[in-house]
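In what follows, a structure is listed as structure tokens, so that the remarks can point back to it.
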Amino acid sequence: MPKELHEWCLATCRENMAALYERVWTWNDTKKRKQLSSAASRFLIAHDAGAGRTPLAYVNYRFEEDEGHAVLYCYELQVVRAAQSRGLGRLLMELTEQIAWGSGMSKLVLTVFCENTAAVAFYRKLGYVLDETSPDYCPSGSNLVSSKHQMPSLGLQAERRVPADCKSLALQRELAEQLLLPSPHQLLHPPPPPQQPLEQQSLVHVLSDMPQEEQQLQVQQVLEQS
């Protein structure tokens, strides 16, 4: 991926998250840049459909193995402030889930600050529940959406132990297949926003005009270029 796009990812994360990091931990450009530029990192990036193809949102993820279990770990989901509340985050997570299940991963895992209640609510709405690696996980199921959502133990690698001020959330493949969420087809055909000129429409709307085969190819091309 081009260096300038890596730097855009860093800058977007900094703009959205630095204040929260400073309240909980400390923001560190060097550490975040190292995470984003790792050879293991992969990206999905949504661009504006105009001639400038301005990037609007991205997912940074990796394929990882924990105690013999193959998982997709989502390190970042970031949307530029001007493009928030337009469904881009939900769409990118849906596409990331398709990649996880299509690649044979057992579940998709992510970590979120406890203080970031809006993000916690967002992932809960998509069906994510507390993973057993979360510091506030309750084996009795009292902290879960329901007891049937409990998942098998999956220990994280030492460098990814979940701090006490974070939650580890996960969506297991079997659970994802049971959730009554909108289909990828529905997510890729959102109603056009009122009075929005074509040049300002996002990649979501460009994809909506493609045959399903080309939609899947577009996702694969993004992965190969990352």
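The values are calculated or read from the model by the stated rules, or taken from the named source; none is laboratory data. Keep in mind it's a predicted model, so treat the numbers as computed, not measured. All Cβ positions, glycine included, derive from the backbone under ideal geometry; neighbour counts span all protein chains shown.
A few notes on this one:
- Of all residues making up segment 83-104, the number that are within 21 Å of residue 36 (Cβ to Cβ) and without any contact (Cβ under 8 Å) to a residue 24 or more places away in the chain: 1
- Summed over segment 73-82, residues that are in a helix (DSSP H, G or I) and in contact (Cβ under 8 Å) with a residue 40 or more places away in the chain total 1.
- Single match in 26, 30 (criterion: β-branched (Val, Ile, Thr), part of a loop (DSSP other than H, G, I, E, B) and over 21 Å from residue 128 (Cβ atoms)): 26
- Within segment 105-119, the residues that satisfy the criterion of being under 18 Å from residue 134 (Cβ atoms), touching a residue at least 24 places away in the same chain (Cβ under 8 Å) and among the aliphatic types (A, V, I, L, M) are 108, 109, 110, 112.
- Residue satisfying all of: in segment 8-23; surrounded by 16 or more Cβ atoms within 10 Å (Cβ to Cβ) and touching a residue at least 40 places away in the same chain (Cβ under 8 Å); nearest to residue 60 (Cα to Cα) among these: 9
- Test result for residue 59, closer than 29 Å to residue 173 by Cβ, buried (at least 18 other Cβ atoms within 10 Å of the Cβ) and not acidic (Asp, Glu): yes
Residue-wise test of (1) in contact with a helix residue (DSSP H, G or I) (Cβ under 6 Å, 6 or more places away or on another chain); (2) surrounded by fewer than 16 Cβ atoms within 10 Å (Cβ to Cβ); (3) at pLDDT below 95; (4) in a helix (DSSP H, G or I).
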| residue | (1), (2), (3), (4) |
| --- | --- |
| 40 | no, yes, yes, no |
| 47 | yes, no, yes, no |
| 50 | yes, yes, yes, no |
| 71 | no, no, yes, no |
| 86 | no, no, yes, no |
| 105 | no, no, yes, no |
| 109 | no, no, yes, no |
| 112 | yes, no, yes, no |
| 124 | no, yes, yes, yes |
